[in-house]
Amino acid sequence: EGTIIVQVRVAPLGEDYVLLLADDRTEITRTEAIRNDFVANVSHELKTPVGAISLLAEALEASPDDEEAVRRFAQRMHKESLRLSALVQDIIELSRLQGADIVQQGHAVDLNNVIAEAVDRSKLQAEAKHIELVTGGTAPSPVFGDADLLVTAFRNLIDNAVRYSPEHTKVGIGLRRTEGLVSVSVSDQGDGISTEEQERIFERFYRVDAARSRQTGGTGLGLSIVKHVISNHGGEVTVWSQQGKGSTFTVRLPEMESQQNQGADGGIED
Ligand code: ADP
């Protein structure tokens, strides 16, 4: 399936024969390409706010007496610097994930506490848009993993639900247990995501509407962080959505007892 990349080395063996050594470089080349891609994307994403801040600073220097302009430029500089700091934070989070070994550093985690903490951290954003965060259900048994990483993942899902919903709507966070799994769903009454877009939103820096995402403080890395955290915990994240009818993101994590028999998936891909 696809192309195989080989590196061939030739060594003469006497007069009549040569020895051909072929190394399969497919996986290494693929990993390198993904890394280069990521670095290129990061550079591009960082350049935008840094460039804007630098231009705004120049403009400020040029018109120190125009109070209205000074106020406007300062406001925009503030916004760009917040964006820059959100980006840096997400990039650090992603690189921290690359080195995370859940199997080694994990412990029993009560998902009820994780969700309470994530909801608490998203509260201010929700209040600013008069969005009610409604939590229901409980997780009766613990999962195995890293509580901080799980809080980050659920916070990203709740922040997105708030970010892509109109004011005066509700975001539901439901916990349930089904056959050795604990599932957490985050549902919103936002615009929804088309079927084609649903396949791409978990990619790094992919945004359906880059301008809107940027304006509301999105970095394009949120869902890719969610995917990594959840797959590192041996779980999966899925999305159900219909345009105009909102979206539901569902995370399924193995309960600790059932997972101990199988072992967690500690690796990271893509
Ligand atoms: P961002 O920082 O842009 O929100 P994410 O990786 O978290 O980046 O999400 C990628 C894209 O998926 C978003 O830009 C948005 O277009 C779409 N998206 C994510 N969550 C939702 C949601 N709850 N409702 C509608 N669209 C969403």
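The values are calculated or read from the model by the stated rules, or taken from the named source; none is laboratory data. All of these numbers come straight from a predicted model, not from anything done at the bench. All Cβ positions, even for glycine, are placed from backbone atoms using ideal geometry, and neighbour counts span all protein chains on display. Just the protein is used for accessible areas: all its heavy atoms, side chains included, with ligands, DNA and RNA removed. Shrake-Rupley method; radii C 1.70, N 1.55, O 1.52, S 1.80 Å.
A single member of GLY222, GLY218 is touching an Asp or Glu at 6+ places or on another chain (Cβ under 8 Å), near the ligand (Cβ under 7 Å from one of its atoms), open to solvent by less than 30 Å² (accessible area, probe 1.4 Å) and within 20 Å of ALA86 (Cβ to Cβ), and it is GLY222. For region 124-140, filtered to residues that are open to solvent by less than 40 Å² (accessible area, probe 1.4 Å), touching a Leu at 6+ places or on another chain (Cβ under 9 Å) and not in a helix (DSSP H, G or I), the residue that is nearest to the ligand (Cβ to nearest atom) is GLY136. Counting the residues of region 159-213 that are more than 8 Å from the ligand (Cβ to nearest atom), among the β-branched types (Val, Ile, Thr), over 24 Å from GLY234 (Cα atoms) and surrounded by 15 or more Cβ atoms within 10 Å (Cβ to Cβ) gives 3. What about LEU149, is it near the ligand (Cβ under 8 Å from one of its atoms), in contact (Cβ under 8 Å) with a residue 40 or more places away in the chain, aliphatic (A, V, I, L, M) and assigned to a helix (DSSP H, G or I)? Criteria not met by LEU149. Scanning region 196-209 for residues that are touching a residue at least 12 places away in the same chain (Cβ under 8 Å) and over 12 Å from the mean Cα position of the chain (by Cα) turns up GLN198, VAL208. When we screen SER85, SER54, SER81, SER43 for residues that are touching a residue at least 12 places away in the same chain (Cβ under 8 Å) and either in contact with a Cys (Cβ under 8 Å, 6 or more places away or on another chain) or closer than 26 Å to GLY218 by Cα (or both), the only hit is SER81. May I ask you to verify whether ALA69 is in a helix (DSSP H, G or I), under 17 Å from the mean Cα position of the chain (by Cα) and without any contact (Cβ under 8 Å) to a residue 60 or more places away in the chain? For ALA69, the condition - in a helix (DSSP H, G or I), under 17 Å from the mean Cα position of the chain (by Cα) and without any contact (Cβ under 8 Å) to a residue 60 or more places away in the chain - is not met.
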